[in-house]
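Here's the structure, in structure tokens; my notes come after.
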Amino acid sequence: MKSFLVKIFLITLTVLFITGCKKNHVISDKQSILFQLEYVNYAWGYQHNGIIIDTEGNVLTYSNPENWNFPDNNFSLSESQVTENIRSCIQSDKKISKEELQKYSNYIKNIALSKVTAMKNVAADAGSSEFICYQFSENTRTYKGYLIKMEGDFTCENLNFYSKKVAAWMRDINISITEN
């Protein structure tokens, strides 16, 4: 009888552990944005545009916004800076399904833990496209960005296996919006 109860307890504990592991710990309840694809070019007149994907799956767009808050050298932004940037965006008709958003947001933790290749100069006057994912810290009220990929005058990319998938996904979303 005692052996039977121990087995039941272990099975129950295992089931709880496995189901608990499926929960997404990357996204805080207070987090507003997950991904950003940003293009900046100073060469042929100032161009600054991009998309932001929020935690609800909304795809927000921006084009030459005034008073934009760029991430610092560590790709960090304060919560108030993110809120100000969101106010400069326009909601597109594109909405990411919860399942798709969950799939790609689950990659953020892995990308955040990976290294990025060294920057390589490959062009001139092409500008820069940066693919970034974010994690929000409730303690510091900041968004820490992680570079997935950079294209343009300089290139580099995150070495994580999922980074190519996430960058391609973000590019496809951006293309689908610009085609409309």
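Laboratory data are not the source of any read-out in this text; all were calculated from the coordinates shown. Computed from a prediction, not measured in an experiment: that's the story for all the values here. Neighbour counts run over all protein chains shown; Cβ positions are idealised from the backbone, glycine included.
Looking only at residues of segment 44-63 that are among the aromatic types (F, W, Y) and outside any strand (DSSP E or B), we find that the one that is nearest to S88 (Cα to Cα) is Y46. Report yes if K149 is of a type outside the set (G, A, S) and closer than 24 Å to W44 by Cβ, otherwise no. Against the criterion (of a type outside the set (G, A, S) and closer than 24 Å to W44 by Cβ), K149 qualifies.
Within segment 148-180, the set of residues being over 22 Å from A112 (Cβ atoms) and β-branched (V, I, T) comprises I175, I177, T178. Screening segment 104-168 for strands (runs of 3 or more DSSP E) wholly inside it with 2 or more residues that are touching a helix residue (DSSP H, G or I) at 6+ places or on another chain (Cβ under 8 Å) and either crowded, with 19+ Cβ neighbours inside 10 Å or free of Cβ contacts under 8 Å to residues at least 24 places away in the same chain (or both) returns the ranges 128-137, 142-152.
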